[in-house]
Amino acid sequence: MDGHPTVAIRVWVDVDAGIADLVLRLNEIPGVRTLASCQGTLGEGGSEPYGPYVMARWEPDALPRLTPDFDIEFLGECWGYLHPRQGTRKTAPPL
């Protein structure tokens, strides 16, 4: 970071239809910012199918909102891949 103050704004972004609701809900959780996402390729064939994910960063106090419904692949202290858990709802936890 260059030290400039920031402001959260909404922007238009193209997101895979199969994970769009999840990205919208995650962006409503205070302290969470989504960075990238994919609905995955399970059921589409291919040599290396993978499940849905959202890459995100979060403030430490937002982590308890994420852990019940996501397996988290940490890439750093407060960011990583969020993988919806099997057998849980496909949307983010309610606000």
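The values are calculated or read from the model by the stated rules, or taken from the named source; none is laboratory data. For clarity, every value in this text was computed on a predicted model and none was experimentally measured. Neighbour counts are summed over all protein chains in view; Cβ atoms, including those assigned to glycine, are modelled from backbone coordinates with ideal geometry.
Restricting the first member to region 62-79 and to residues that are more than 12 Å from V32 (Cβ to Cβ), and the second to residues that are among the charged types (D, E, K, R), the beta-carbon pairs closer than 7 Å and six or more apart or on different chains are D69/R85; D69/R89; D71/R85. When region 30-53 is filtered for residues that are more than 18 Å from E77 (Cβ to Cβ) and surrounded by 17 or more Cβ atoms within 10 Å (Cβ to Cβ), the ones remaining, listed by number, are S37, Q39, G40, P52, Y53. Contact map, region 13-24: residues that are of a type in the set (D, E, K, R) paired with residues that are part of a loop (DSSP other than H, G, I, E, B) and surrounded by 13 or more Cβ atoms within 10 Å (Cβ to Cβ), Cβ distance under 7 Å, separation 6+ or inter-chain. Pairs shown: D16/Q39; D21/T91.
Scanning region 10-17 turns up one or more residues that are exposed (fewer than 13 other Cβ atoms within 10 Å of the Cβ) and at pLDDT below 90.
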